[in-house]
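First up is the structure itself, then whatever we jot down about it.
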Amino acid sequence: MNLLTLRSVTKRYTATDPPAVDGVSFECAQGEIVALIGGSGSGKTTLLRVIAGLEIPDTGEVVLNGTTLNSPTRFVPPEKRDCGLVFQDYALFPNKTVSQNIAFGKGAADDPARIGELMEMADISGLEQRYPHEISGGQQQRVALVRALATRPSLLLLDEPLSHLDPELRDSVRTELLKLFRETDTTALFVSHDIEDAMAMADRMVVLRKGAAEQVGTPDEIYDRPANPHVARLFGKTNFIPLGLLPDAPHSIAAETGEGQVVPARPHQWQLVENSNDGSTAFTGKVVSTTNRGAHQEVLLQTENLTLTIHIPGNTTVKPGETLTVSCDLKV
Ligand code: ADP
Ligand code: MG
C-alpha cells in the first residue's frame with residue numbers, strides 16, 4: 001500500500017520565476033526509503049516543506065496514510081500531519097538541553113520509554129543534560145532524528161541528513177540511519193545532492209531537475225537506464241555513443257542535441273582489446289591524456305569522431321599519443 005502519494009504538485013514562490021516544484025508525482029510505499037535527488041535549486045527542500053505542510057502548493061494533491069493533506073479544497077496544518085521533519089541544519093534549540101530538545105516534539109514527553117529506547121539505538125544515551133554546543137555535529141544530527149522519531153511519525157522527512165558529516169563518518173552513519181529506519185519501521189523520504197548517499201541508502205529515487213521529476217525508479221534502474229543525458233551525467237561521467245555505432249545496445253536515449261538516439265556508456269564499461277577485429281563494438285583512437293585515479297586510470301581517447309572517457313586498470317601503462325582499441329560491454 002502507498003503510504004504517501006503526490007499528484008502533480010506545483011509550488012511557485014513568485015509569479016514571475018519558474019515554479020520551484022513543477023508538477024511532481026510519485027509514491028512511497030510503507031517501509032520504503034526514498035531519496036529525492038537533484039542539484040542545488042532543483043526544488044528538493046521545497047518539496048519536503050510542502051509534504052510537511054510548511055509550504056502551501058499552488059496545485060496538486062498530497063495524500064498520507066489515506067488522509068488528503070493538500071488538495072484544492074483542503075490544507076492540513078503541519079502539527080496535524082503524521083510526519084516528522086529533520087531540517088538540514090537540525091534546528092535544535094541552543095538554549096535547551098538534549099532532553100528538552102527531544103521532549104519538544106508533540107506528545108513526545110509522554111513516552112519516556114520510547115525516547116530512552118531511541119536514544120539507545122541512536123547511541124546518544126548519556127547526553128541528556130548537554131547543550132547542543134557541547135556535542136558533536138553527528139550527535140546533534142541524531143538528537144534531531146530522535147526528536148523527529150519520538151512522535152512515531154508514519155513518515156520521516158530528512159533534508160540532506162548527511163551533508164554536514166565528514167567523509168570518514170558517512171559510511172557508518174548511512175548504515176546506522178538505515179538500521180534505525182528498519183528497526184523503527186519508518187518510511188523515510190530523504191533529500192540528497194549526493195549520488196553515493198542516495199545509491200547506498202534508497203530503495204527508490206526521484207530525480208528532480210528545475211522542480212520537475214525527471215525519473216523515478218530503483219537506483220539500479222536509474223543508473224543502468226537513465227531517462228535522459230542529464231540523469232546519466234548526474235550519476236557520473238558518461239559517454240554518449242550514437243546508436244548507429246552500437247546498434248545492439250540494450251538501452252538508448254534521445255540525444256541532448258535533439259538529433260537521434262545515443263547510448264549512455266560509463267567509463268568503467270570499457271576494456272582494452274587487442275585489435276579492432278575483436279568485435280563490432282571496438283573503437284580505436286589516440287590517447288589524449290591519462291589521469292591516475294588510484295585503483296584505475298582515466299583515459300581520454302580521441303577516436304575518429306568521438307572523445308571517450310574510459311577507465312583502465314591502474315597498473316596498465318599507456319602514454320599520450322599511443323593508439324588504443326577499446327570495446328564497450330553494456331549490461332543487458
Ligand atoms: P534545493 O533544496 O533543491 O536546493 P529549493 O527547494 O531550496 O532547492 O529551491 C528551489 C527554487 O526555489 C530555487 O530556485 C530557490 O531559489 C527558490 N526558492 C526557495 N525558497 C524560496 C523562497 N522562500 N522564496 C523564493 N524563492 C525560493
Ligand atoms: Mg535544499
* Asked: Quick one: D185 ticks every box in (1) assigned to a helix (DSSP H, G or I); (2) acidic (D, E); (3) loosely packed, with under 15 Cβ neighbours inside 10 Å bar one, so which box is it?
  -> (1)
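Quick grid of which residues meet (1) in contact with an Asp or Glu (Cβ under 9 Å, 6 or more places away or on another chain); (2) within 15 Å of ligand 1 (Cβ to nearest atom); (3) assigned to a loop (DSSP other than H, G, I, E, B):
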{"residue": "D17", "(1), (2), (3)": "no, yes, yes"}
{"residue": "G23", "(1), (2), (3)": "no, yes, no"}
{"residue": "G31", "(1), (2), (3)": "yes, no, yes"}
{"residue": "E55", "(1), (2), (3)": "no, yes, yes"}
{"residue": "V62", "(1), (2), (3)": "no, no, no"}
{"residue": "T68", "(1), (2), (3)": "yes, no, no"}
{"residue": "D89", "(1), (2), (3)": "yes, yes, yes"}
{"residue": "P94", "(1), (2), (3)": "no, no, yes"}
* To do: Mind listing whichever residues of the stretch 109-145 are touching a residue at least 40 places away in the same chain (Cβ under 8 Å), over 20 Å from Q88 (Cβ atoms) and either in a helix (DSSP H, G or I) or touching a Cys at 6+ places or on another chain (Cβ under 6 Å) (or both)?
  => L118, M121
* Looking at the stretch 188-234, which of its residues are under 15 Å from L36 (Cβ atoms), assigned to a helix (DSSP H, G or I), of a type in the set (A, V, I, L, M) and open to solvent by less than 10 Å² (accessible area, probe 1.4 Å)? -> A198, M201, I222, V231
* Just to be sure, is R49 assigned to a helix (DSSP H, G or I) and either more than 16 Å from ligand 2 (Cβ to nearest atom) or not aromatic (F, W, Y) (or both)? -> yes
* Cβ-Cβ under 9 Å pairs, at least 6 apart or on other chains, the stretch 1-18 side under 15 Å from K44 (Cβ atoms), far side away from ligand 2 (no atom under 16 Å from the Cβ) and among the aromatic types (F, W, Y) -> L6/F26
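The values are calculated or read from the model by the stated rules, or taken from the named source; none is laboratory data. Being a predicted model, the structure only gives us computed values, none of them experimental. Note that each Cβ is placed from the backbone with ideal geometry, even for glycine, and that neighbours are counted across all protein chains shown. The protein model used for the area step is the full one, side chains on, heavy atoms only, and it has no ligands, DNA or RNA in it. Shrake-Rupley method; radii C 1.70, N 1.55, O 1.52, S 1.80 Å.
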